[in-house]
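> Below you'll find the structure I mean.
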Amino acid sequence: MAYVYDDQNIFAKILRGEIPNDTVYEDDYALAFRDIQPQAPVHVLVIPKGPYVTYDHFANTASEAEIVGYTRAIGKVCAFLGVEPGNGGRGYRTIANTGEAGVQEVPHLHTHILGGRMLGRMLKRFDD
Ligand code: AMP
C-alpha cells in the first residue's frame, strides 16, 4: 500500500509556519527544532521539507538531492549541538520511530537527536 501524506499533521503545519517552533537549523531540505517535550537535555527533531511519512517512504521515493540534503542537515545539527564524539562530544542517539510498532505519533518523517546525558540501553530487553 502506498503512503498517503496527511498535510494537516503538526509538522506540516510547522513547515508552513502555522505553528511556532524553536528552530536550531534550516536549509532547503530540512528543518531542525527542539522537541516540545524533551526527554534529554539535548532533544532535537530533524524533518525533511518534503511530504514523507516514514524513513522507508523517504529512502525509497525521495530524490538523491533530498536524501543527501537531509542527511547532511542531520550532520550539521549534530555539530551545532556539540554531541559528535569525533569532535569532543559525549555522543547521542538518533531515532526515527515508525508506524504502529515503532510508536510514531506524528506522520511526517522525523529523526530525534538525543544527548546531553547517559541514555541507557537502546531498548528494554525482549525477555525483561
Ligand atoms: P514520535 O512521532 O513518537 O517519534 O514523536 C513525536 C515527537 O514530536 C514527540 O517527541 C513530541 O514531543 C514532539 N512534538 C509534538 N508536537 C511538537 C511541537 N509542536 N513542537 C516540537 N515537538 C513536538
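> Does Gly91 satisfy being within 14 Å of the ligand (Cβ to nearest atom) and either surrounded by 14 or more Cβ atoms within 10 Å (Cβ to Cβ) or within 17 Å of the chain's Cα centre (by Cα) (or both)?
no
> Taking His43 as meeting all but one of (1) closer than 24 Å to Met118 by Cβ; (2) in contact with a helix residue (DSSP H, G or I) (Cβ under 9 Å, 6 or more places away or on another chain); (3) crowded, with 17+ Cβ neighbours inside 10 Å, write down the number of the exception.
Only one criterion is unmet by His43, namely (2).
> Which numbered condition in (1) within 16 Å of the ligand (Cβ to nearest atom); (2) outside any loop (DSSP other than H, G, I, E, B) is the only one that Ala73 fails?
(1)
> Taking the residues in segment 107-123 that are within 11 Å of the ligand (Cβ to nearest atom) and within 15 Å of Ile47 (Cβ to Cβ) as candidates, determine which candidate is most open to solvent (accessible area, probe 1.4 Å). Working first, answer last.
Let us first name the residues in segment 107-123 that are within 11 Å of the ligand (Cβ to nearest atom), namely 107-112, 114.
Adding the requirement that they be within 15 Å of Ile47 (Cβ to Cβ) leaves 107-112.
Numbers: Pro107: 49, His108: 0, Leu109: 4, His110: 12, Thr111: 11, His112: 24 Å².
It comes out as Pro107.
> Further question: Taking the condition in a helix (DSSP H, G or I) and over 20 Å from Ile10 (Cβ atoms), does Gly120 pass?
Working: in a helix (DSSP H, G or I): no; over 20 Å from Ile10 (Cβ atoms): yes.
Judged against the criteria, Gly120 is not a match.
> Against the definition (more than 21 Å from Gly102 (Cα to Cα) and in contact (Cβ under 8 Å) with a residue 24 or more places away in the chain), how does Asp28 come out, yes or no?
Details: more than 21 Å from Gly102 (Cα to Cα): yes; in contact (Cβ under 8 Å) with a residue 24 or more places away in the chain: yes.
The answer is yes for Asp28.
> May I ask you to list the residues in segment 49-88 that are farther than 17 Å from Tyr5 by Cβ, more than 14 Å from the chain's Cα centre (by Cα) and not aliphatic (A, V, I, L, M)?
Answer for segment 49-88, where residues must be farther than 17 Å from Tyr5 by Cβ, more than 14 Å from the chain's Cα centre (by Cα) and not aliphatic (A, V, I, L, M): Glu64, Phe80, Gly82, Glu84, Pro85, Gly86, Asn87, Gly88.
> Of all residues in segment 4-36, count the ones that are over 26 Å from Glu64 (Cα atoms) and assigned to a helix (DSSP H, G or I).
Total satisfying the criteria: 0.
> On to the next question. Could you tell me how many of the residues in segment 70-82 are open to solvent by 10 Å² or more (accessible area, probe 1.4 Å) and out of contact with any helix residue (DSSP H, G or I) (no Cβ under 9 Å at 6 or more places or on another chain)?
First pass over segment 70-82, keeping only residues open to solvent by 10 Å² or more (accessible area, probe 1.4 Å): 71-72, 74-76, 79-82.
Subsequent filtering for residues that are out of contact with any helix residue (DSSP H, G or I) (no Cβ under 9 Å at 6 or more places or on another chain) retains 71-72, 74-76, 80-82.
Number satisfying all stated conditions: 8.
> Further question: Of the conditions (1) more than 13 Å from the chain's Cα centre (by Cα); (2) open to solvent by 20 Å² or more (accessible area, probe 1.4 Å), Arg34 fails just one. Which one is it?
(1)
> Here is a list: Gln8, Gln104. Which entry is more than 13 Å from the ligand (Cβ to nearest atom), modelled with pLDDT of 95 or more, out of contact with any strand residue (DSSP E or B) (no Cβ under 9 Å at 6 or more places or on another chain) and not hydrophobic (A, V, I, L, M, F, W, C)? So that I can check it myself, show each step before the final result.
Numbers: Gln104 fails: more than 13 Å from the ligand (Cβ to nearest atom).
Exactly one residue qualifies, and that residue is Gln8.
The values are calculated or read from the model by the stated rules, or taken from the named source; none is laboratory data. As the structure is a computational prediction, the values presented were derived from the model and not from experiment. With ideal geometry, Cβ positions are generated from the backbone for all residues, glycine too; neighbour counts draw on all protein chains shown. Surface accessibility is based on the protein's heavy atoms, side chains included, excluding ligands, DNA and RNA. Shrake-Rupley method; radii C 1.70, N 1.55, O 1.52, S 1.80 Å.
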